[in-house]
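Structure first, commentary second.
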Amino acid sequence: MILKRISILNYKNLEQVELLFSSKLNCFFGLNGMGKTNLLDALYYLSFCKSLGNPVDSQNILHGAEFFVLQGFYEQDDGTSEEIYSGLKIHSKKSFKRNKKEYHRLADHIGFIPLVMVSPADTELILGGSAERRRFMDVTISQFDKEYLNALIRYNQALSQRNSLLRSDTPVDEGLFDVFEQQMADYGTVVYQKRTAYIDVFNPIFAQFYSSISSDREEVELCYRSHGQEGVLLNSIRQSRERDRIVGFSLCGIHKDDLDMRLGGFPIKREGSQGQSKSYLVSLKLAQFDFLKKHGHTVPLLLLDDIFDKLDISRVQQIVKLVSDDNFGQIFITDTDRERLAHILPQMGSDYKMFMVDKGQISELEDGK
């Protein structure tokens, strides 16, 4: 999948943007706060029907404006043209269309334009709570496995219903608990099994990318932790019911799953330097890209937002070498350092375009100058 052109109106600080892209490399430079990340976020929105940085749609409208519009014009691997449109007016429902036809469910769009984004916010995968690491698994698997996405949605609906019962101030029919717990167990087992299979395949891919970036300096591993590993999930959920009544929410289930991120056999959160942690995160995302490419219907878009910060030159060179490989498709890179980009691009040996971003205005540089 290639993004040929984008049109943006009133999205965050991007008042009006019309850009034509290279089918390989697109590089954006400018100072922090100028709109580079917002441009990448607009691409993310067209793939996932929401912003990466702010899930409240109305807050993504330019200050003082009453609406935003995003239009992406894509080309599939067989040359078929695709137009994706999203628009939102204040106090109105979001519109999301493919080739001018409104989606009945936004979930039906997920995975159509696979995308992987590497950004400074990824540090939360290491430093944040388990929800961030579950989201990492969910974003990957949901882009190629509709059964997984459906099971995850249904599980969360049942979980929400059960939590409402747990917080009820009036007596509750115990049969209702049985219904929602059965649903949690059925859908949760599907999610657990697919997460397990995913991590089994993902781990060696991730380890190989980290080995390449770090020049074989350390070993890395992801260890999946789930209540599904403790036996029949339904039994675990039901046995936790009385304890859950006390705290007012469900303590057992796949919504508590986590990934133990290890470096050299120890938690990277405790042991990793800034450079090691950055290499770890980039390796996770490049492995995510590789996995989606092999299991999906097309090559994903790759977005690299300010990834070279806090990396030594050897690790930067290794990352450049990896992403310049023919295995990667269309790439979007941001950096605050124009000279660094100018130095890196010739090494990649691919067609590219460079853009300057200044206070929400984006202009293409002729011949990279």
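Can you pull out the trypsin sites (Lys or Arg not before Pro) in the stretch 56-153 that DSSP calls coil and that have at most 14 other Cβ atoms within 10 Å?
For trypsin sites (Lys or Arg not before Pro) across the stretch 56-153 that sit outside H, G, I, E and B with at most 14 neighbouring Cβ atoms in 10 Å, the list reads Lys93, Lys94, Lys100, Arg105.
If I build a Gaussian network model for the chain, linking alpha-carbon pairs within less than 10 angstrom, which residue out of Ser58, Ser164, Ser324 has the largest mean-square fluctuation?
Of Ser58, Ser164, Ser324, the most mobile in the Gaussian network model is Ser164.
Work out how much length Val179 to Lys321 would gain on full extension: take 0.36 nm times their residue separation and subtract the Cα-Cα distance, in nm to one decimal.
Here the segment from Val179 to Lys321 would lengthen by 45.8 nm.
When the chain is treated as a GNM, springs tying every alpha-carbon pair under 10 Å, which of Phe291, Phe180, Phe332 comes out with the largest mean-square fluctuation?
Greatest mean-square fluctuation among the candidates belongs to Phe180.
Gain in length, Asp260 to Ser130, computed as 0.36 nm per residue apart minus the alpha-carbon separation, to one decimal in nm? Walk me through the numbers on the way to the answer.
Working: separation 130, 0.36 × 130 = 46.80 nm, distance 0.93 nm.
Additional length available on full extension: 45.9 nm.
Go ahead and set up a Gaussian network model of the chain, Cα springs under 10 Å, then flag whichever of Gly35, Gly275, Gly175 fluctuates most.
Judging by the Gaussian network model, the answer is Gly175.
Once phi is turned into θ = phi - 60°, what whole-Hz ³J(HN,Hα) does the Karplus curve with 6.51, -1.76 and 1.60 give for every residue of the stretch 210-224, x standing for Gly and Pro?
5, 4, 5, 5, 8, 6, 6, 7, 9, 10, 10, 7, 10, 10, 7
State the number of lysine pairs found in the stretch 115-296 whose Cα atoms come within less than 17 Å, restricting to pairs 8 or more positions apart or on distinct chains.
Within the stretch 115-296, the lysine pair count is 8.
Could you work out how far apart the two model spin labels at Arg243 and His104 are, taking each label as a point 7 Å from the Cα in the direction of the beta carbon, and quote it in nm?
Modelled inter-label distance: 4.2 nm.
Mind listing the phi-derived Karplus ³J(HN,Hα) values for the stretch 140-147, rounded to whole Hz, using 6.51, -1.76 and 1.60 with θ = phi - 60°, and x for any glycine or proline?
Taking θ as phi minus 60°, the curve returns 6, 5, 5, 6, 10, 10, 5, 4 Hz for the stretch 140-147.
What's the exposure ranking of Met261, Met117, going from fewest to most Cβ atoms within 10 Å? Before the final figure, lay out the partial values.
Working: Met261 20, Met117 25.
With the fewest neighbours first, Met261, Met117 line up as Met261, Met117.
State the Cα centre-to-centre distance between the stretch 172-218 and the stretch 87-153 in whole Å.
Here the two parts' Cα centres lie 17 Å apart.
How tilted is helix 313-323 with respect to the longest principal axis of the chain? Cα atoms for both, answer in degrees (0 to 90, nearest 10).
Tilt relative to the chain: about 80 degrees.
Name the aspartates and glutamates eligible as straight-distance cross-link partners of Lys100: C-alpha to C-alpha under 17 Å, and not fewer than 8 places from it in the same chain.
Glu75, Glu82, Glu83, Asp108
Only the coordinates and a few stated rules stand behind these numbers; no lab work does. This is a predicted model, so every value here is computed, not measured. Cβ atoms come from the backbone with ideal geometry, glycine included; neighbour counts cover every protein chain shown.
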